[in-house]
Amino acid sequence: MRVRFWGVRGSLPVPGPNTERYGGNTSCVEARSAAGTRIIIDAGTGVRRLGREMMREEFESGRGTAHLLISHTHWDHIQGLPFFAPLHRSGNKLCVYARRRDDVHLRAVFESQTDQPYFPISPISLEQVKAGISFRELDDSAAFQIADVRVSCARLNHPYVATAYRLSADGASVTYVSDTAPFSDILFENQYIAQPPPLRVGLPEADRAQLRVMRDGVVRLCEGSDLVIYDTMFTRDDYIRMPHYGHSRPSDALEICREAGARRLALFHHAPERSDAEVDTILDETRAQAAEIGLDLDIMAACEGLDVDLDHRGKL
Ligand SMILES: [Zn+2]
Ligand SMILES: [Zn+2]
C-alpha cells in the first residue's frame, strides 16, 4: 500500500512563501493498494490536484471508481470536493463515507456545500454532477471492506465529533487520526465550547470514563500500524490557550503511538500560521522527545507530495 499526502494543513489553505515546502492545501490523503484500490481520506483543497491527476487515468473516460472517507464535515476536510474533477465526468463513481448524524443525512450536508449563495456555478449541486455519487453513513466503530482494503473506524474527541480510520491491505496498515483533542481534559460532543474550562478541574467521572473508552479505541485502531497520521496542530502553548478548539500536540501523538506500538508517525494538520521553519522545529523537538522516552518511532512531518510506501519496511 502506498500513501500520498495532497493536503496537510488545518483550518484553511495558506499558500505563500512561508508554506512552500510543507504546502498550503487543507487535508487530503490518498491510499492505494497494490491491487489498485484507491481510497481518499478527506476532501480539503488538496483533493483538487488529486482529482486532476486522476483525470489522467481511467477517470478521464468515465470508468473510474473512488472511495472517499470523511473524518468530519468541518470546512477544511470537505471544501475541495466541488472542485474534484472526476465528479464532473459521466460514468465515474464516487462513494462517500462519513459518520452518521442524528439531525441531518450525509447527502444533505454535502449538497448544501454548493447551495446558492455559497457557490458560483449555479445550479451545479452534488445532485446534478455527472458522476454517480453515493453516501454511506457509518457508526463510530464501523468495520467494513472496500475491495481488498479493510477499513476500521474509531470515534475522536472533537467538536461535533470526528472519525479515525485505519486502512489495512497488502500486509500493511495506515491509521488516520484527525481531528482530535487529547482524551484528558474536555469531552467534546455535538456542541461548541465557547470558553476553555479550567484544565483537569471538575471533569465529571462519567466524562472521564467516556474519554478513557474513546482513547482505548484509538490506541486499538493504531495498534501495530506502519504509519499513523495524527492531528498535531497545537504546540504546548497553543493547547494551554485553546484547549476547547479540539486539537492535539505532538506529545499526545507520541503517547498514542507508543502504546499502540506504531512504526511511523506523520505530524499532520499543521496550523495555518505555522511557517516551514516552524514545522521543521516542531519535527526536531518531537524526534528529540521520542528519543528521550526511548521510543523507536520513525517521525516525519507530512508535506504535500510526500509518498510513503508501506510495503517497503525499511527507512523512507
Ligand atoms: Zn480540521
Ligand atoms: Zn475539525
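No lab work stands behind these numbers, since they all come straight from the coordinates. All values derive from a computational prediction rather than experimental measurement. Counting neighbours? That spans all protein chains shown, and the Cβs are built from the backbone with ideal geometry, glycine included.
Cα convex hull of the stretch 63-204: how many Å³ per residue? Mind dumping the intermediate values first?
Numbers: hull volume 19.0 nm³, N = 142.
Residue-normalised Cα hull volume stands at 134 Å³.
Tell me the mean residue ellipticity at 222 nm calculated for the chain from its helices only (DSSP H runs of n ≥ 4, each -39500 (n - 2.57), averaged over every residue, nearest 500).
-6500 deg cm²/dmol
Would you kindly calculate the translational diffusion coefficient of the stretch 1-64, applying Stokes-Einstein with the Kirkwood radius from alpha carbon pairs, for 25 °C and a viscosity of 0.890 mPa s, and quote it in µm² s⁻¹ without decimals?
197 µm²/s
Kindly state, as a whole number, the per residue volume in cubic angstrom of the convex hull around the alpha carbon atoms of the stretch 133-211.
On the way: hull volume 9.6 nm³, N = 79.
Each residue corresponds to 121 Å³ of Cα convex hull volume.
Restricting the calculation to Cα positions, tell me the Rg (one decimal) and the Dmax (whole number) of the stretch 1-148 in Å.
15.0, 42
Loop-only check: which trypsin sites (Lys or Arg not before Pro) in the stretch 46-81 are DSSP coil with at most 11 other Cβ within 10 angstrom? Don't skip to the answer; put the middle values down first.
Numbers: sites: 48, 49, 52, 56, 63; in loops: 56, 63.
Here the sparse-neighbourhood loop sites are 56.
Distance between the C-alpha centers of the stretch 52-122 and the stretch 177-247? Whole Å please.
Computed from Cα coordinates, the inter-centre distance equals 28 Å.
Taking 0.36 nm per residue of sequence separation and subtracting the Cα-Cα distance, how much length would be gained by fully extending the chain between residue 145 and residue 236, in nm to one decimal?
29.0 nm
Please state the Cα pair-distance histogram of the stretch 31-89 with 5 angstrom bins from zero: what percent is in each bin?
Reading upward from the zero bin: 4, 20, 29, 27, 14, 6, 0.
Binned at 5 Å from 0, what are the whole-percent values of the Cα-Cα distance distribution for the stretch 210-259, short to long?
4, 20, 26, 24, 18, 6, 1
Can you tell me the equivalent ellipsoid semi-axes for the stretch 172-251? Use √(5λ) from the Cα gyration tensor, largest first, whole Å.
Working through the eigenvalues yields semi-axes of 23, 16, 10 Å.
Can you work out the base-10 log of I(q)/I(0) for the chain at q = 0.07 1/Å, using the Debye formula on its C-alpha atoms alone?
-0.25
For a paramagnetic label modelled at 7 Å from the Cα of residue 60 toward its Cβ, which residues of the stretch 70-100 fall within the zone defined by backbone nitrogen distances under 19 Å?
84-93
In whole Å, what are the extents of the stretch 175-316 along the principal axes defined by its C-alpha atoms, from largest to smallest?
46, 33, 29
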